[in-house]
1. So, in the range 526-538, exactly how many residues are more than 10 Å from the ligand (Cβ to nearest atom) and out of contact with any Gly (no Cβ under 6 Å at 6 or more places or on another chain)?
2. Among the residues of the range 375-425, what is the count of those that are away from the ligand (no atom under 15 Å from the Cβ), part of a loop (DSSP other than H, G, I, E, B) and without any contact (Cβ under 8 Å) to a residue 40 or more places away in the chain?
3. Counting only residues that are exposed (fewer than 14 other Cβ atoms within 10 Å of the Cβ) and within 30 Å of T292 (Cα to Cα), how many does the range 36-84 have?
4. Would you pick out the residues in the range 426-449 that are within 30 Å of P396 (Cβ to Cβ) and within 16 Å of the ligand (Cβ to nearest atom)?
5. Could you pull out the residue among T305, T269, T289 that is over 30 Å from P579 (Cα atoms), more than 16 Å from the ligand (Cβ to nearest atom), touching a residue at least 24 places away in the same chain (Cβ under 8 Å) and surrounded by fewer than 19 Cβ atoms within 10 Å (Cβ to Cβ)?
6. Would you pick out the residues in the range 447-479 that are touching a Lys or Arg at 6+ places or on another chain (Cβ under 8 Å) and under 25 Å from Q496 (Cβ atoms)?
7. Condition test on K310, is it out of contact with any strand residue (DSSP E or B) (no Cβ under 9 Å at 6 or more places or on another chain), outside the structural domain of E627 (by TED's automatic domain parsing), under 30 Å from A130 (Cα atoms) and in contact (Cβ under 8 Å) with a residue 40 or more places away in the chain?
Amino acid sequence: MIQFDKQTNTLTLHTAHTSYQMKVDEKGVLLHTYYGKRLRKGDLSRLICHEDRGFSPNPYEAGTDRTYSLDTLPQEYSTCNVGDFRPTSLEADFADGSVAVDWRYVTHHILHGKYTIPGQPSFYDEGLTAETLEMVLKDAHTGLEVTLLYGILEELDLITRAVRVHNGGETPVALTRVMSLCLDFPAGKRDYITLGGAYAREREPVRAHLTQGTHSVGSVRGTSSHQSNPFVVVCDPDTNEDHGSCWGAALVYSGNHLIEVTGTQFDETRLIMGIHPFHFRWQLEPGDTFHTPEVAMVYSHQGLTDLSQKFHRGIRLNLCRGTWKDERRPILINNWEATYFQFDADKIVSIAQTASQVGVEMMVMDDGWFGKRNDDFAGLGDWNVNEHKLPGGLAPLAERINALGMKFGLWVEPEMVNEDSDLYRAHPDWALQIPGRKPTRGRSQLVLDLTRAEVREYIKDNLRRTLNSANIVYIKWDMNRSLTDVWSMGLPAQRQGELYHRYVLGVYEILEMLHQEFPHILIEGCSGGGGRFDCGMLYYSPQFWCSDNTDALDRLRIQYGTSFCYPCSAVGAHVSAVPNHQTGRETPMHTRGVVATGGTFGYELDLNKLSQDDLDEVAGQIAQFKEDWEVVMRGDYYRLTNPFEPGYYQAWMHVSQEKDVALVSVVMGETHANPIRPLLYLKGLNPQEDYELDGQVYGGDELMSGGLALPVQKEHGAVQYKLTRV
Ligand code: GLA
């Protein structure tokens, strides 16, 4: 619900449990006055302190009033070079060489339903009470106009923001920084949490106490990256999983991003989020409009678990799309770690044969099926089947897989080209590179210039041809390097700064074609594992390969960090072989199964190499997951421990929306003689109801307050409990 109070000029956006308020002040400046727990009424601008602060200058129209300064007022969208020295929301080079922008209120509109953004992913309002606020601000001197878009998804407690920039002036403007979010907080101590990491160590939570200054993280890799996920939480210093205020923001974008958290001179906080300004320069001709990506925001006064659950629900139901978004995904087996590039049709069928006998539902053929792709030095770009490996093409193989009662899926990496490929030999200029400069290689490959329509059409045609050539129901869309040598033949010099963003729009255009033309196909996103695991990609692919690291213990950390924003329904998780290919570690088959049930669940090994005992265990895991998938996929997720802290065990649980089923997973840590045996306290159950576990009945309150005593387990052993309401 959006309330406009004409008397106080306040606009208050209400979701089920939160309120967000802004106010147009007497000078037309749009102040941010509140974001927090839901309020009945009030004009929170009364909390702003007006004082004459040294070196905080005053706008001309303030006259002799030295207490009015943009430097000390909380802003909804900060100005540039007119007296606010905190981070700016927008920077532009104007024709006269100036950079000043002073936003003043023009008008606003309240609309039914939620806005969309042309050519870009965004949350949608299906099944919800939703409204849009359009807030139009203008810089009178240059005619530059921004429309701040707010989407209110009431039941989800989600507020989205995006910005439309319009050049209403008479001369071209070059935008050099356009943030999607500017959020000011009142004075007070705060922490912030970001998701850092590295390849094979994605989304490691980093929590820091905010001190004065601007603390920034982000990506300039052309993708959202393994190293910095586009997600941030600002919270009170004492906020934990179950208590305390926290504000989360997720950028719905898959390219370069910037997150800036600033502690100001008066201990306020400013949070900025948007496209990274590095090599960003968007030429806006008179009359042109630029659209930023969207940010989704959640506030909770009940701690981080509640915050995460709200993101999970929103992403699962109102960001992910397509036939598969809320359906049980086929339990798959992928041949990558089983064979790498060394396979042929018979090998794939032999893995599928054994897989079909234990209940696996889909065979995914990974990298190596096309062109001269026998290693990662050649072949990308040539999307014709390697007939030495797969005589007769994909169709006969898919038929053999289908004859086993299994579906067939395929790996692709459409954005890339190897120099050793027919495509590169024919069109070297289709790869990003700067004339006269040798390109930087990544995994021995170059990046195709998706800003060019002919390149996008080539990719689309190849995808169409491949997908129509056989009965393919799934693709794994991979992307295995960062962007460098960012320069395009297709853009004039003054527009090269548009390339990074145009590249992302190109990726979205191709994925949208797949969504429209092949709606039945399940797309799993991937970028060397989880290098592009973001809300932008999840709009097109409801699941994402979480990490190339399949080690069960490392996965505990990766899946824990991922869960701060992203739902289990999106987390690609597989059981792989031991010793693990990334860490060399041995973990029991049971433990690997328990960890993989925290996501979409599947296998990534040669089942023919397993002992009969392990195969029996696999069959049991699959039968169990077919029973339990719903609580994992649609239930609420509770982090019971933090795997980055040493512990006797690591645990998490899923509880169905009706609180009638819960699945508790525990993986033991290191063992020591004569062990300490801490209890496990459950969460999220109904305290008034009873639950059955292994033939015994316990109260929900009892399990949460009294806890469970865990059985003695071997090192890195695992247990899984299923509780059913009686
Ligand atoms: C990336 C993916 C892997 C696999 C390989 C194939 O690294 O993350 O799962 O598909 O590419 O080359």
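The values are calculated or read from the model by the stated rules, or taken from the named source; none is laboratory data. It should be emphasised that the depicted structure is a prediction, and the values quoted were computed from it without experimental measurement. Neighbour counts are summed over all protein chains in view; Cβ atoms, including those assigned to glycine, are modelled from backbone coordinates with ideal geometry.
1. The qualifying residues number 6.
2. Count: 4.
3. Of the residues in that region, 2 qualify.
4. The one that is within 30 Å of P396 (Cβ to Cβ) and within 16 Å of the ligand (Cβ to nearest atom): Q445.
5. When all the criteria are applied, what remains is T289.
6. Selection gives V447, L450, T451, M479.
7. No; evaluated as a whole, the condition is false for this residue.
Condition check ((1) closer than 22 Å to K6 by Cα; (2) surrounded by 16 or more Cβ atoms within 10 Å (Cβ to Cβ)) across all residues:
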{"site": "G97", "(1), (2)": "no, no"}
{"site": "G113", "(1), (2)": "no, no"}
{"site": "T116", "(1), (2)": "no, yes"}
{"site": "G127", "(1), (2)": "no, no"}
{"site": "K138", "(1), (2)": "yes, yes"}
